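Have a look at the structure below, then the notes.
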Amino acid sequence: MLRRGTVGNTFGGGSEDELPERGALGQRAKQAVEDGIVDLVAGFRTEQILMREGQAELAAEDGRHLDRAAKVFVAAGFRPDLSFLSEIRLDLDVRLQAPSKVALEVDPNLHSCGSVCATGAADLAQPESGFCIVGAKSYGRAPTFLALTGFEQVRSVVAAIAGDTAAAARVDLVLPDTGVCGGAGLFDAPAEESAGGSCCAPAPQLVQVGTASSTCC
């Protein structure tokens, strides 16, 4: 079940994905749909979960209902657990919950996994002296994190701890052109997804606020 109106890049980049294992996983999922093993429903925005005879029945905003299911698995994003850092001084972006210096570079509305810049000790450092956030938590709620990115972060932070400022500042990472994007896509107007802009976000539009001229009444 997809919230977006079209399948789009749901199955990833396929043979064009330079992360081959992820591309293969997407192709296996696509094959399962084509073979009828899995039913794919697009444009389904869940409004209610109804319990019928011990099973869950999903109801959409547009009135559609899915067949009852014994189990429902929800993949609706995630956010980092920062509760154990409640006594630590942090500087995090209010939207993504990622370190402020990193947030703009990892925003999934602007970047895919392969188009983000490598981040190091200087970007990940927090107001708490000697404290850095690395790994998936450094991307906050953004789903574009790659293990390669985390390896480079740790290398840079360890170099900084060791006092090697030159190594800490160096970028030793070139991410692959992954062939997929991290944007959420358009829900209500799927035909507009290819109307312009990047594959991760719709093209910018000029919006006029107020009127161009007015007369006194």
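Read-outs: derived from the displayed coordinates by stated rules, not from any lab. If you're wondering where the values come from, they're calculated on a predicted model, not measured in any experiment. Don't worry about glycine lacking a Cβ; one is built from the backbone with ideal geometry, like all the others, and counts go over all protein chains shown.
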Let a ≥ b ≥ c be the square roots of the eigenvalues of the Cα gyration tensor of region 1-107; is it rounded (a/c under 1.5), or, if not, prolate (a/b larger than b/c) or oblate? oblate
Linear extension gain, GLU53 paired with LEU148, 0.36 nm per residue minus alpha-carbon span: 29.6 nm
So what J values fall out for region 62-77 if you push phi through Karplus, 6.51 cos²θ - 1.76 cosθ + 1.60 with θ = phi - 60°, rounded to Hz, Gly and Pro as x? 8, x, 6, 10, 8, 4, 4, 9, 6, 9, 10, 10, 9, 10, 10, x
Over region 83-169, what portion of Cα pair distances is larger than 19 Å, expressed as a whole percent? 34 percent
Label-point separation, ASP67 to GLU18 (7 Å along Cα→Cβ), nm: 4.2 nm
Could you pull out every residue, at least 5 positions away or on a different chain, whose amide H is within less than 5 Å of the one on THR46? Hs are placed 1.01 Å off N in the peptide plane, and Pro or chain starts have none. none
How high is the FRET efficiency between ALA166 and VAL7 when r is their beta carbon distance and R₀ equals 41 Å, given to the nearest 0.05? 0.30
So who's got an amide H within less than 5 Å of the one on LEU92, skipping anything under 5 residues away but keeping other chains? H placed 1.01 Å off N, in plane. SER100
Assign one of three labels to region 45-119, namely rounded, prolate or oblate, based on the Cα gyration tensor with a ≥ b ≥ c the square roots of its eigenvalues; rounded applies when a/c is under 1.5, prolate when it is not and a/b is larger than b/c, and oblate otherwise. prolate
Given 165-176, 141-152, 15-26, 69-80, the highest-first ranking by average Cβ count within 10 Å works out to 141-152, 15-26, 165-176, 69-80
Sequence gap at least 6, Cα distance under 8 Å: using those rules, report the relative contact order of region 83-169 to the nearest whole percent. 29 percent
By how many nm would the segment from GLU34 to SER86 grow when fully extended, if each residue of separation counts as 0.36 nm and the alpha-carbon distance is taken off? 14.0 nm
